[in-house]
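Here the structure is laid out as C-alpha cells; the discussion comes afterwards.
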Amino acid sequence: MGNREELLVGARRCLEEKGYLRTTVRDIATASGVSMAAIGYHFGSREALLNQALFAAMEEWGEEFGGAGGGFEELWAGKIRSFGEQRWLWLASVEAFVHAQSSPELLALLAAGQREGRRGAAAQLRGVPEAEVPEGDVRTLGSVHMALLSGVMLQWLTDPQAAPDAQEIAAGLRALADRVAPAEQPAPHTGR
C-alpha cells in the first residue's frame, strides 16, 4: 500500500478507537506509520481524510444492507445488530453530524449522502434498482425510513436495553399506519 492508502487505514482505525472529534493528525500519522505532512499532501486536511474514511465505512455498511433480502423485520434485525457490532461507526457519524454544523464542506457531503441514502432505502424497500425509484418514493418512503434509522440508532446508542427490536419497530409502524388517514391525492412536492 502507498501512503494514501495507509493514511485511510490509519484514519479508520482512529475512528474506531477514538471517534471523529478526538482523532488528531498525530493519531492518524501514528496509526498509519506515515508522516503528519503526508496528510496535508494527500488529503489537504485531517477533516478531509477523516471524512473520506468515514464515508468509505458508511458505504461498506450500505452495501452490506443494500441488497439484503428477506422481510422488513429481518432487515431491521441486521441493522440493529450493526448498532452494537459497529458502534464506533454510528458514534463517529453522530460526531460528524454535530461537527458539520460548523463545517459547510462536511455539511454538504452529509446532505448528499442523505439524498443517496433516501433513494437507496426506497429502492431496497420497493425491491427495485435505484434508477427506477420514483422521486415521490424517495421523498416519502426513503425519507421516513432514513428518519426511522436515525432515531432507532440513537435509541440503541443511548439505551440498548430499552431500545426497540425489529418486531417492535414493525408493530409500531403498523400501529402508526392505522393512525394515518388515507390520503386522497398526494400533495405535489414544491421543493420547499
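Laid out as a table, the results:
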{"item": "Sum of -39500 (n - 2.57) over DSSP H runs of 4+, divided by residues of the chain (222 nm, nearest 500)", "result": "-23000 deg cm²/dmol"}
{"item": "Solvent-accessible area, 1.4 Å probe, carbon plus sulfur percent, for the range 1-114", "result": "55"}
{"item": "Debye, to nearest 20: dipole size of the chain, +1 on Lys, Arg Cβ, -1 on Asp, Glu Cβ", "result": "460"}
{"item": "The chain - accessible surface per residue (Å², probe 1.4 Å)", "result": "59"}
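The values are calculated or read from the model by the stated rules, or taken from the named source; none is laboratory data. Computed from a predicted model, the values in this text were never measured in an experiment. Virtual Cβ from ideal backbone geometry, glycine too; neighbours counted across all protein chains shown. Note: areas computed on protein heavy atoms with side chains; ligands, DNA, RNA excluded. Shrake-Rupley method; radii C 1.70, N 1.55, O 1.52, S 1.80 Å.
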